[in-house]
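**Student:** Encoded as structure tokens, here's the structure I'll be asking about.
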Amino acid sequence: MILGGFELSEDDGVLVTAGANLWRGAEAVGGRLTLSRAGLEFRAHLLHRQPEPLEIPVDEIVEVRRTRTMGIIPNGLAVTTKLGLEVRFVVGDRDRFIKEIAQLTGRS
């Protein structure tokens with residue numbers, strides 16, 4: 001799923017990158033989550049059944065918040081878009097992603 005799509009270039013400046021899981025239905029798809037000045041990008045590992053990339057431009061992000069995986073583990077990150085779509089990730093460095101996204105969107 002690509003929301004508005006963007007291409008990362010050297011000028012976009014990668015701010016944070018980490019291994020992550022993207023929840024797609026009941027499947028947690030493993031891959032890499034990258035935040036740049038252009039937006040949030042998830043690329044799945046090659047061997048998943050749902051390998052489609054996810055790109056969310058910064059100007060489409062309206063909310064970012066902490067969540068708990070399975071209601072217990074404090075490593076979840078939820079991103080809500082202008083279209084009302086909530087995308088959930090499992091990522092170890094979620095506070096850094098939240099801080100950087102808040103700065104980019106002016107919601108600090």
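**Student:** Filter the range 94-108 down to residues that are at pLDDT 90 or above, surrounded by 12 or more Cβ atoms within 10 Å (Cβ to Cβ) and under 17 Å from Gly13 (Cβ atoms), then give me how many there are.
**Tutor:** Of the residues in the range 94-108, 7 are at pLDDT 90 or above, surrounded by 12 or more Cβ atoms within 10 Å (Cβ to Cβ) and under 17 Å from Gly13 (Cβ atoms).
**Student:** Right, next: Can you find, within the range 1-38, the residue that is nearest to Glu60 (Cα to Cα) among those that are modelled with pLDDT under 80 and part of a strand (DSSP E or B)?
**Tutor:** Once the filter is applied, the top-ranked residue is Ile2.
**Student:** Let me ask something additional. Applying the selection to the range 44-86, what residues are part of a strand (DSSP E or B), over 16 Å from Trp23 (Cβ atoms) and in contact with a Gly (Cβ under 6 Å, 6 or more places away or on another chain)?
**Tutor:** Selection gives Glu55, Pro57.
The values are calculated or read from the model by the stated rules, or taken from the named source; none is laboratory data. Everything numeric here is computed off the predicted structure, so don't read it as measured data. Positions of Cβ are generated from backbone atoms using ideal geometry, with glycine treated the same way; all protein chains shown enter the neighbour counts.
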